[in-house]
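**Student:** Supplied in structure tokens, the structure appears directly below.
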Amino acid sequence: MSMRFSRLAALTAIVLSASVASADDGVLYWMVGEDAEVSGSDIGTQDIKTYLRAYESATEGSWSAARVRVIGGETDAFLDLYSSPTTSTPGEYGIDFDTFGGVWGAGTPDGIQSAISSGSPEYSFIIELGNVTDSDWTTVAQSSTMSYTQLANAGYIRPTFNINVPSAQIWTPAQFQSVPEPSGGLLTMMGVALLALRRKRFAEGA
């Protein structure tokens, strides 16, 4: 089973609501495969390898990882990652993309298992793709949202940890939406703010 966790995962403490991550409620089976594509107005459509490797090339010492975000009510957290039926790792920094048994992806080919609540139909679940360094995670793409009910009806949620999972019962989104880099927008906002400040000072001095 491919379960090579990010170096930061073991060092990161995540506080999750008991109603979100309870091993007694169920297990979500998910992964990101090499057949996925990433689309966006600025990039068109790219295969996932090409998209993620562009970020790795642009940021020295970085790597790519995937995680599951949980949003709903007052909750905004990340699902923990199981490495055994009794051992979990905080999920904020996700699981690395790697080649295991000749298959490239995050959690391939057997999937990743995460504790999940069975009583929270208002929650939305999103797989995020990130560019990760030793000190930071930057979300670069994300899947469409899935509700608990949708995941359960598709067979992606089961009651217990299982080391042998049929691939048809693993949540494996094929399409992701790119998340634009914030730098361009931030620079524009800073420029507008500085220009406004300059005009204000000029008006006060006149």
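**Student:** Once the dipole of the stretch 9-181 is set up with Lys and Arg at +1 and Asp and Glu at -1 on Cβ about the Cα centre, which of Tyr93, Asn162, Phe176 lies farthest towards its positive end?
**Tutor:** Asn162
**Student:** For a footprinting-style exposure proxy, rank Val27, Val32 by other Cβ within 10 Å, fewest first.
**Tutor:** Values: Val27 21, Val32 30.
Ordered by Cβ neighbours within 10 Å, fewest first: Val27, Val32.
**Student:** Moving on. What's the local net charge at Leu151, with K and R +1, D and E -1, over the other residues with C-beta under 14 Å away?
**Tutor:** Values: positive: Arg69, Arg158; negative: Asp25, Glu122.
Local charge sum for Leu151: 0.
**Student:** Long-range amide H contacts for Thr89: which residues qualify at under 5 Å (H placed 1.01 Å from N, peptide plane, sequence gap of 5 or more or a different chain)?
**Tutor:** Amide H neighbours of Thr89, under 5 Å, 5+ apart: Leu81, Tyr82, Ser83.
**Student:** Moving on. Treating the beta-carbon of each Lys and Arg as +1 and of each Asp and Glu as -1, no other charges, what is the dipole magnitude of the stretch 9-181 about its Cα centre, to the nearest 20 debye?
**Tutor:** Working: 5 positive and 21 negative charges, 87 e Å.
The calculation lands at about 420 debye.
**Student:** Between Asn153 and Ser39, how high is the FRET efficiency from 1/(1 + (r/R0)^6) when r is the Cβ-Cβ distance and R₀ = 25 Å? Nearest 0.05. Working shown, then result.
**Tutor:** Numbers: r = 26 Å, r/R0 = 1.02.
According to the calculation, E is roughly 0.45.
**Student:** Once amide H atoms are placed 1.01 Å from N in the peptide plane, what residues at a sequence separation of 5 or more from Phe176, or on another chain, have their amide H within under 5 Å of its amide H?
**Tutor:** Result for Phe176 returns Glu37, Val38, Ser39.
**Student:** Further question on the same structure: Output the relative contact order of the stretch 9-181, whole-number percent, from Cα pairs under 8 angstrom with separation of 6+ residues.
**Tutor:** Numbers: 375 pairs, mean separation 55.5, N = 173.
Over the stretch 9-181, the number comes to 32 percent.
**Student:** Tell me, what HN-Hα J-couplings in whole Hz come from the Karplus equation 6.51 cos²θ - 1.76 cosθ + 1.60 at θ = phi - 60° for each residue of the stretch 64-69, using x for Gly and Pro?
**Tutor:** 3J(HN,Hα) across the stretch 64-69, in whole Hz: 9, 8, 10, 8, 10, 8.
**Student:** How big is the stretch 63-121 by Rg and Dmax over its Cα atoms, in Å?
**Tutor:** For the stretch 63-121, the Cα radius of gyration and maximum Cα-Cα distance read 12.8, 41 Å.
**Student:** What ranking of Trp30, Trp104 emerges when the number of other C-beta atoms within 10 Å of each C-beta is taken as an exposure proxy, fewest first? Write down the numbers at each step before the final one.
**Tutor:** Values: Trp30 27, Trp104 15.
So the ranking, lowest neighbour count to highest, is Trp104, Trp30.
**Student:** Below 8 Å between Cα atoms, with a sequence gap of 6+, how large is the relative contact order for the stretch 57-96 in percent?
**Tutor:** On the way: 49 pairs, mean separation 16.0, N = 40.
Result for the stretch 57-96 is 40 percent.
**Student:** Tally Lys/Arg at +1 and Asp/Glu at -1 over every other residue whose Cβ is under 15 Å from the Cβ of Ile71; what's the total?
**Tutor:** Details: positive: Arg67, Arg69; negative: Glu74, Asp76, Glu92, Glu122, Glu128.
Cβ neighbours under 15 Å give a net charge of -3.
Every read-out reported here was derived from the displayed coordinates using simple, explicitly stated rules and does not represent laboratory data. All of these numbers come straight from a predicted model, not from anything done at the bench. Positions of Cβ are backbone-derived with ideal geometry, glycine not excepted, and every protein chain shown enters the neighbour counts.
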